[in-house]
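Report on the structure given below.
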Amino acid sequence: MATVLADTKHLAMADFKGKVDPDWCPGCGDFGVLAAVQKALVDLQIPNHNVVTISGIGCSSNFPGFINTYGMHTLHGRALAVATGVKLANHELTVLVTGGDGDGFGIGGNHFMHTMRRNVDVLYIVMDNQIYGLTTGQTSPTSRVGMKTKSMPFGNIESPVNPISLALTAGATFVARGFSADQKHLTELIKQGIQHQGFSFLTSSAPASPTTTTTLFNGSARA
Amino acid sequence: MKKLEDDPAYNSTDWMAAMEKSLLWGDEIPIGKFFERTDLPALHAAEPVLDAGPLVHSDPHIPPDVARSFVEELM
């Protein structure tokens, strides 16, 4: 996918810093994913103008505003459809798609499945915090059974989707999971995903701030 | 969290092994590359129209009057 090292200038982390500072809550795992993406682009020396970052709606979908690449903040759950259009219009671009578990596995579940079977050459990074965070904490498709949220205050009674199994059965040709607090490892996975020729799915456990949600770093839930 | 690459026996080209690992969640949560296959073409590579280069750089060769009539037909 990547058009690597086209310019003579050596790119640094500052070159990929957006003009707007992230408005994520202190301690949110999305910070770790943003830094890892920027580091991966620096390591691969992909010029800013060859990168497009596309998102849907949600906390993590504000991502394109925080990184210095071309970007599109699209409709809820529709980022992969837009990304498919961008990639087919100019397949020399590195196309990154970012979003959360609600945006990707709930509202955008249909696009998720079909983009995988088509093997569209994009890297799709899902920052999975197991909750709808932007709306301050409702049950999402990856919320664990028993997890207490604002929409299910007595505990979630629905079985969560398994994003990795889903991606494998839908035909994704690159499937990985990272952890937002393990920067080095996550950066390597992002680099591999960018370099993969075909659809790359990377779900990253990105716990939201404990002040806004119930998900903790150990994967359990609290009231 | 347990990194898949720390297990030398794990083969990320084995789809069944990836499915087995995907079911783990609890005391052990695997992270890393579960699966990769490189034998399938990406969508743009499977489309012969794009062999000549990106669509945005191609000349559509559509005269303005033809384009206009096409738009009028759809309006």
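Some observations on this one:
- Cα Rg, Dmax (largest Cα-Cα span) when computed across segment B:2-74, Å: 23.5, 67
- 20 Å reach of a label modelled at A:ASN110, 7 Å along Cα-to-Cβ, counting backbone N of segment A:37-66: A:55-58
- Paramagnetic reach from B:ASP6 (point 7 Å along Cα→Cβ, amide N under 17 Å) across segment A:169-197: A:177-189
- Förster radius 30 Å - calculated FRET efficiency between A:ARG117 and B:VAL56, Cβ distance, rounded to 0.05: 0.75
- Long-range amide H partners of A:GLY178 with built H, under 5 Å: A:THR203, A:SER204, A:SER205, B:GLY32
- On the principal axes of its alpha carbon atoms, chain A extends 57, 35, 28 Å, with the longest extent given first.
- Rel. contact order, % - alpha carbon contacts under 8 angstrom, at least six apart, chain B: 27 percent
- Unsatisfied cross-links (Cα-Cα over 27 Å) in the set A:LYS148/A:LYS184; A:LYS87/B:LYS3; A:LYS19/A:LYS150; A:LYS9/A:LYS191; A:LYS148/B:LYS3; A:LYS150/B:LYS2: A:LYS148/A:LYS184; A:LYS87/B:LYS3; A:LYS19/A:LYS150; A:LYS148/B:LYS3; A:LYS150/B:LYS2
- Under the Karplus curve 6.51 cos²θ - 1.76 cosθ + 1.60, θ = phi - 60°, whole-Hz ³J(HN,Hα) for segment B:16-22, x wherever Gly or Pro sits: 5, 5, 5, 4, 4, 5, 5
- Under the Karplus curve 6.51 cos²θ - 1.76 cosθ + 1.60, θ = phi - 60°, whole-Hz ³J(HN,Hα) for segment A:132-147, x wherever Gly or Pro sits: 7, x, 4, 8, 6, x, 10, 4, 10, x, 10, 4, 6, 4, x, 5
- The amide H of A:ILE54, built 1.01 Å from its N in the peptide plane, has A:MET72, A:LEU96, A:VAL97, A:THR98 as neighbours under 5 Å, considering only residues 5 or more places off or on other chains.
- In Hz, Karplus ³J(HN,Hα) per residue of segment A:52-59 (6.51, -1.76, 1.60; θ = phi - 60°; x = Gly, Pro): 10, 10, 10, 9, x, 10, x, 4
- Relative contact order (percent, whole number), chain A, Cα cutoff 8 Å, 6+ residue spacing: 23 percent
- Across peptide A:26-36, the mean count of Cβ atoms from other chains lying within 10 Å of each residue's own Cβ comes to 0.
Each reported figure results from applying straightforward, stated rules to the coordinates on display, with no laboratory input. What you are looking at is a predicted structure, and each value in this text was computed from that prediction instead of being measured. As a convention, Cβ positions derive from the backbone with ideal geometry for all residues, glycine included, and neighbour counts pool all protein chains shown.
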